[in-house]
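Presented below is the structure to which this report refers.
Here, each number is a calculation from the coordinates, and none is a lab measurement. Everything quoted here is computed from the prediction, not taken from an experiment. All Cβ positions, even for glycine, are placed from backbone atoms using ideal geometry, and neighbour counts span all protein chains on display.
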Amino acid sequence: MSSNGINIAPANGKLGIVLPGMGAVSSTFIAGVEAVKKGIAKPIGSLTQMGTVRLGKRTENRVPQIKDFVPIAGLDDLVLGGWDIFPDNMYEASVKAGVLEKSLVDQIKPGLEAIKPWPAAFDRTYVKRLDGTHVKKAANKMELAEQVQEDMKNFREQKRLDRMVMVWCGSTEIFLKREAVHQTIESFEKGLVGNDPGIAPSMIYAYAAIKMGIPYANGAPNLSVDIPALIQLAKEKNVPICGKDFKTGQTLMKTILAPGLKARLIGLNGWFSTNILGNRDGEVLDDPDSFKTKEESKLSVLEHILQPQHYPDLYSNYTHKVRINYYPPRGDNKEGWDNIDIFGWLGYPMQIKVDFLCRDSILAAPIVLDLALFLDLAYRCGMSGIQEWLSFYFKSPMCAPELYPEHDLFIQLMKLKNTLRHMKGEEMITHLGREYYD
Ligand SMILES: NC(=O)c1ccc[n+]([C@@H]2O[C@H](COP(=O)([O-])OP(=O)(O)OC[C@H]3O[C@@H](n4cnc5c(N)ncnc54)[C@H](O)[C@@H]3O)[C@@H](O)[C@H]2O)c1
């Protein structure tokens, strides 16, 4: 049974996806899209490409693919571009990142070579471990934003794009707190002109995009669009935004395991998480200021899931530690260990050990694709501001100031799918199911 859904504009024409930061994640995403288009690999891990959504009662057997249910841009309509402080084209970046086998990348070489980053809006103050020459020069941060907009306008014209979205895949910037310059659009714009140190490059890109009516997602833990000025601008410009920090390896596991422990009222004494990784991201996170940004993002997850205020006997006294160690031999193939000290009936202790031999960019690439396609969908639905239904993809989901973020992966997935049902005027699924037994 369905009622009226939202009036969704069709996904006609080309969709440009622009990526500030074209390193391991971006090149793996771009190479993946090319490979899938050519039919030489499958888009594993992508909800928009492989996911389904159940509609109506279980007896109705209506389970369409998400891409057939809501109008999502097709892969053949995507045009990809972006910025980096290194001039490597996407073939060179893929080979350097070493995530994908050269034999795979060679099969799509021409398409990848054709994508070359534009010079970046960059400042070493915010990413201390990197230094590149492929950067813009400008008198102030407002001029940098204008140059970023110029790149996007040229891209839109040259590629005859119908719509665009931006997904930040740049390095993790140093830890910044929200301050006066971030509070209003006026103070932020004044800060851009006055080169306020509170404005990081990721905020410049976000501002440039939103001003042009382009949706923005933030894949890193730095504040970027998560400041009142840009949230307000997004509402004014009718632009959907979301963030922060792609939920991939260890935190993905945490948000799968912790809701399970809580569901069975298993107590927690401690959760120690450590990682070794050797890619450029690992090198950037070796700087304590960038690590602090990541640490905040990774630490917040457990507290919100376990809700110690409601379960003081189980969760009020646990130790949570997260470590990241830069270890070059591993490249992008991170190893994440978790030691989890739990307790059960009558307080008896037990342990869980997780050793996740994951591939960071392999887990992140489908997230970039889904976020770009869902943000574009939200835009065509007229949904603006923070898109909490996309929390599913983030370690530190953005949400309204009076709310706590929802971290439980399974609640996040239900929220996402219910949002799709809502868009199409389908009944929400509550899982009550009494009617099957009446
Ligand atoms: N891979 C994952 O599982 C994962 C998960 C969560 C978050 N992230 C975040 O995603 C981001 C990308 O990860 P990655 O593994 O591709 O890292 P990477 O170091 O390979 O790529 C980041 C790129 O951004 C570029 N860059 C930095 N500042 C820039 C700027 N101002 N403008 C344009 N380019 C800029 C760097 O030169 C680099 O090439 C990182 O912030 C990382 O923390 C990744």
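Quick check: residue separation of Arg129 and Lys42 times 0.36 nm, minus the Cα distance between them. What number comes out in nm?
Full-extension gain reported as 27.8 nm.
What are the DSSP H helices in the chain that stretch 30 Å or more along their long axis, judged by alpha-carbon atoms, and whose average Kyte-Doolittle hydropathy comes to at least -0.5?
The qualifying helices are 360-380.
Of all DSSP beta bridges in the chain, what percent run antiparallel (nearest 5)?
DSSP beta bridges in the chain are roughly 45 percent antiparallel.
Using a 7 Å offset from the Cα along the Cα-to-Cβ direction at both Asn154 and Ala180, what is the distance between the two label points in nm, to one decimal?
About 3.8 nm separates the two model spin labels.
Given labels modelled 7 Å from the Cα in the Cβ direction, how far is it in nm from Asn269 to Glu92?
A separation of 5.4 nm, rounded to one decimal place.
HN-Hα J couplings of segment 307-312 from phi, Karplus 6.51/-1.76/1.60, θ = phi - 60°, integer Hz, Gly and Pro as x?
6, x, 5, 8, 10, x
Once phi is turned into ³J(HN,Hα) by the Karplus curve 6.51 cos²θ - 1.76 cosθ + 1.60 with θ = phi - 60°, what whole-Hz value does each residue of segment 111-119 show in order, with x for glycine and proline?
Listing the rounded values in order: x, 6, 5, 6, 9, 10, x, 7, x Hz.
Would you mind computing, in nm to one decimal, how far apart the modelled labels at Ala9 and Asn140 are, each placed 7 Å from Cα along Cα→Cβ?
3.3 nm
Sorted from fewest to most neighbouring beta carbons within 10 Å, what does the list Thr125, Thr133 look like?
Thr133, Thr125
Work out, step by step, the length gained on full extension between Phe410 and Lys190: first 0.36 nm times the residue separation, then minus their alpha carbon distance; give nm to one decimal.
Contour length minus the Cα-Cα distance gives 75.0 nm.
May I ask for the net charge around Lys14, where only other residues with Cβ less than 10 Å from the Cβ of Lys14 are counted and Lys, Arg are +1 while Asp, Glu are -1?
Net charge around Lys14: +1.
Taking 0.36 nm per residue of separation and subtracting the Cα-Cα distance, what length does fully extending Glu303 through Tyr437 add?
44.5 nm
Can you give the FRET efficiency for Arg54 and Glu402, using 1/(1 + (r/R0)^6), R0 = 35 Å, r = Cβ-Cβ distance, to the nearest 0.05?
0.65
Considering every pair of different Cα atoms, what Kirkwood radius, in Å, is found for segment 143-257?
So the Kirkwood estimate lands at 14.8 Å.
Taking the dipole about the Cα centre of segment 249-357, with the C-beta of Lys and Arg at +1 and of Asp and Glu at -1, give me whichever of Pro329, Leu277, Ile352 is farthest to the positive side.
Ile352
Suppose every Lys and Arg Cβ carries +1 and every Asp and Glu Cβ carries -1, with no other charges. What dipole size does the chain come out with about its Cα centre, to the nearest 20 debye?
I would put it at about 680 debye.
For Leu223, which sequence-distant residues (separation of 5 or more, or a different chain) have an amide H within less than 5 Å of its own amide H, given hydrogens modelled in the peptide plane?
Close amide H contacts, sequence-distant or interchain: Leu176.
What FRET efficiency, computed as 1/(1 + (r/R0)^6) with R0 = 25 Å and r the Cβ-Cβ distance, is obtained for Glu101 and Asn325, rounded to the nearest 0.05?
Calculated value: 0.45.
Please report, in Å, the Rg and the Dmax of segment 249-357, where both are computed over Cα atoms only.
14.9, 46
For the residues Arg163, Arg323, Arg330, what sequence is obtained by ranking on other C-beta atoms within 10 Å, fewest first?
Going from sparsest to densest Cβ surroundings: Arg323, Arg330, Arg163.
Taking only DSSP H segments of four or more residues, each worth -39500 (n - 2.57), what value at 222 nm results for the chain once the sum is divided by all its residues, to the nearest 500 deg cm²/dmol?
Value at 222 nm, helices only: -11500 deg cm²/dmol.
Local charge sum around Gly267 (other residues, Cβ-Cβ under 11 Å, Lys/Arg +1, Asp/Glu -1)?
Once all neighbours under 11 Å are counted, the net charge is 0.
If you consider only alpha-carbon coordinates, what radius of gyration and Dmax does segment 87-165 have, in Å?
Every Cα atom of segment 87-165 included, Rg and Dmax give 15.4, 44 Å.
Around Glu426, with a cut-off of 13 angstrom between Cβ atoms, what is the net charge of the other residues, counting Lys and Arg +1 and Asp and Glu -1?
Neighbourhood net charge equals +4.
Could you tell me how many cubic angstrom of Cα convex hull volume the chain has per residue?
Hull volume normalised by residue count: 152 Å³.
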